[in-house]
Structure formats: C-alpha cells, structure tokens
Amino acid sequence: MAEERKKMLLKDIWLDVKAVQERDPAARSALEVLLLYQGVHALIWHRIAHWFWTHNMRFLGRLISQIARFFTLIEIHPGAVLGHGILIDHGCGIVIGETTVVGDNCTLYQGVTLGGVGTKKGKRHPTIGNNVLIGAGAKILGAFEVGDNCQIAANAVLLKPLEENSTAAGIPARQVKKDGVPVKDPSKKINTEHICKMQETIDELERRVKELEKELEKAKEEL
Ligand SMILES: CC(C)(COP(=O)(O)OP(=O)(O)OC[C@H]1O[C@@H](n2cnc3c(N)ncnc32)[C@H](O)[C@@H]1OP(=O)(O)O)[C@@H](O)C(=O)NCCC(=O)NCCS
C-alpha cells in the first residue's frame, strides 16, 4: 500500500514536470523544472499535505501547506483536490481554497484566486474542469462549475458557471467566445428596433429643420 502511494506521488510529480515542459515555452530540462520551478514545488508540497488532510491529520496538512506558502508564495489549502498535469506558471500570489476542485491539465498563472464568497461552511469554492487556462490575476469566486477546455482571461472576475469550450473576460466576466467563435455582448447589440428608432428621430429632426427654415424665410420677408 505504502509502495503504491509512493508510486502515485512520483507519477503525479512526473506529470507536473512534464506539464511545465510541454506548456511553458521558457522551460528547458526536466531537472531544471524540478529544481527551479516553485509551481512544481507547490504541487509536490500540496500532494503531501493533501494526503495528511484526507487521513485525518489536519494540523500536519495545514502546517505543510503553510510551509509551502512561505517558500513558494503559493497558497493551496490542503483540502483542495488537484488533478494531474497542472502547470502553475510563475505562481506568486495564487490562492486556492479548501473546497476547490481543479481538473487535469489545467494552467494557472500568477495571482489567480479560486476562492469563496461569504462565510458559510461547506462547498464554497469553484470546481474547474479539465484543460482550463486561468490567466494572470483572474478571480473565480463561488461554488460553481467551469467546464472543460475553458479559458479565463487575465484579470477577469468570474462569478457564475461557465459552459465548456468557452472563453470569459472582464469584470464581472462574461462569455466572449464559444467553441472559438466570438459571442456578441447583448448590451452592445444594435438590433433593427434600435435602427428604426434612430430613423424616426432623424425624420423628426429633418421635419423640424424644414419648419424652422420656413419660419426664418418668413421673418426675413417681413423685415
Ligand atoms: C483569455 C485569452 C486566452 C483569450 O485569448 P483569445 O482566444 O485569443 O481571445 P481574443 O484575444 O480573440 O479575445 C476575445 C475577446 O476578449 C477580450 N479579451 C481578451 N483578453 C481579455 C482580458 N484579459 N480582459 C478583458 N478582455 C479581454 C478581447 O478584447 C476580445 O474582445 P472583442 O471581441 O470585443 O475584441 C487571453 O486573452 C488571456 O487573457 N490569456 C491569459 C494569458 C496570461 O495570463 N498570461 C500571463 C503570462 S505571464
């Protein structure tokens, strides 16, 4: 059993190192990634802390998580469930809350918060699907789901669920792309109703200008 756990941990570490090599263009050898990438270190610390947390040694889990935070500036609660092949790029300032779930092959940049809203206990953090990219400084707040293959833009604040294969941007974040195709912002949409109203206003203005021109002619004649 212990042997199996050790194998699983080593496999997870290897997949995290591979994720960096595959998805960070600046990464060079596996050894360099293992020794110098604090995102990888944070994941290794987390996988150990999570084991203690789930085996009812919560203080130890929390202690390891705090030590990891001290060295990496990445705060992952030991209760959070993280998948395989995660890339934490740069990483500084990342906060991942207790009831967060992150799927496989996700990418998180510096300053990402996967947080809760309010003070209620229980599930209060997001559940992130597989292959999701979360841009620098993005905040995903609340107990909702982000589908597979989504992209959350840098500095976005996402407050509601996002369907798979979507891109979200802005504050509050809204879907800007679905399956790679731009989605129009309904608040900016000019429809035929708007055009008809504009035409009516133009007609009214033209009529008024003609009336004023006539009145001006009359006034000139009377002088
Ligand atoms: C989300 C992201 C992946 C979108 O990439 P994309 O599919 O190429 O999307 P586009 O550039 O076509 O943008 C789609 C729309 O979202 C808007 N958008 C993109 N990123 C945005 C952002 N961070 N904030 C606000 N709006 C943004 C674009 O202006 C565009 O709007 P428009 O259609 O009205 O012009 C990318 O913009 C991003 O933020 N990546 C994160 C990168 C990062 O954090 N790097 C850190 C490296 S250290």
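The values are calculated or read from the model by the stated rules, or taken from the named source; none is laboratory data. Quantities reported herein were computed from a predicted structural model and do not represent experimental measurements. Don't worry about glycine lacking a Cβ; one is built from the backbone with ideal geometry, like all the others, and counts go over all protein chains shown.
Based on what the data block shows, is GLY93 on the phi > 0 side of the Ramachandran plot and at pLDDT 95 or above?
yes
Could you run through segment 140-160 and say how many residues are within 12 Å of the ligand (Cβ to nearest atom), within 17 Å of VAL102 (Cβ to Cβ) and either out of contact with any strand residue (DSSP E or B) (no Cβ under 6 Å at 6 or more places or on another chain) or not in a loop (DSSP other than H, G, I, E, B) (or both)?
Summing the residues that are within 12 Å of the ligand (Cβ to nearest atom), within 17 Å of VAL102 (Cβ to Cβ) and either out of contact with any strand residue (DSSP E or B) (no Cβ under 6 Å at 6 or more places or on another chain) or not in a loop (DSSP other than H, G, I, E, B) (or both) in segment 140-160 gives 4.
Within segment 108-130, can one find any residue that is under 25 Å from VAL17 (Cβ atoms) and among the charged types (D, E, K, R)?
The answer is no, given that none of the residues of segment 108-130 is under 25 Å from VAL17 (Cβ atoms) and among the charged types (D, E, K, R).
Scan (1) within 15 Å of the chain's Cα centre (by Cα); (2) surrounded by fewer than 12 Cβ atoms within 10 Å (Cβ to Cβ); (3) of a type in the set (Lys, Arg) for the single condition ARG208 breaks and write down its number.
Result: ARG208 passes all but (1).
Could you please let me know if LEU73 is touching a Cys at 6+ places or on another chain (Cβ under 9 Å) and surrounded by fewer than 18 Cβ atoms within 10 Å (Cβ to Cβ)?
yes
In segment 127-138, how many residues are away from the ligand (no atom under 12 Å from the Cβ) and under 19 Å from VAL117 (Cα atoms)?
Total satisfying the criteria: 2.
Within segment 56-70, does at least one residue satisfy the condition of being assigned by TED's automatic domain parsing to the domain that holds ASN155, of a type in the set (Lys, Arg) and farther than 28 Å from LEU158 by Cα?
Here is the first cut: in segment 56-70, the residues assigned by TED's automatic domain parsing to the domain that holds ASN155 are 56-70.
Within this subset, residues satisfying the condition of being of a type in the set (Lys, Arg) are 58, 62, 69.
Within this subset, residues satisfying the condition of being farther than 28 Å from LEU158 by Cα are 58.
Scanning segment 56-70 turns up at least one residue that is assigned by TED's automatic domain parsing to the domain that holds ASN155, of a type in the set (Lys, Arg) and farther than 28 Å from LEU158 by Cα.
Just to be sure before I move on: is GLN199 outside any loop (DSSP other than H, G, I, E, B) and touching a strand residue (DSSP E or B) at 6+ places or on another chain (Cβ under 9 Å) in the structure I sent?
So GLN199 does not fit the description; no.
Yes/no per residue for (1) closer than 20 Å to PRO126 by Cα; (2) in contact with a Lys or Arg (Cβ under 8 Å, 6 or more places away or on another chain):
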site: ALA2; (1), (2): no, no
site: ARG5; (1), (2): no, no
site: VAL20; (1), (2): no, no
site: LEU36; (1), (2): no, no
site: HIS41; (1), (2): no, no
site: ILE44; (1), (2): no, no
site: GLY85; (1), (2): yes, yes
site: LEU108; (1), (2): yes, no
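Being within 8 Å of the ligand (Cβ to nearest atom) and not hydroxyl-bearing (Ser, Thr, Tyr) is the filter here, so list the residues in segment 161-188 that pass it.
ALA168, ALA169, GLY170, VAL176, LYS177, GLY180, PRO182, ASP185 - these are the residues of segment 161-188 that are within 8 Å of the ligand (Cβ to nearest atom) and not hydroxyl-bearing (Ser, Thr, Tyr).
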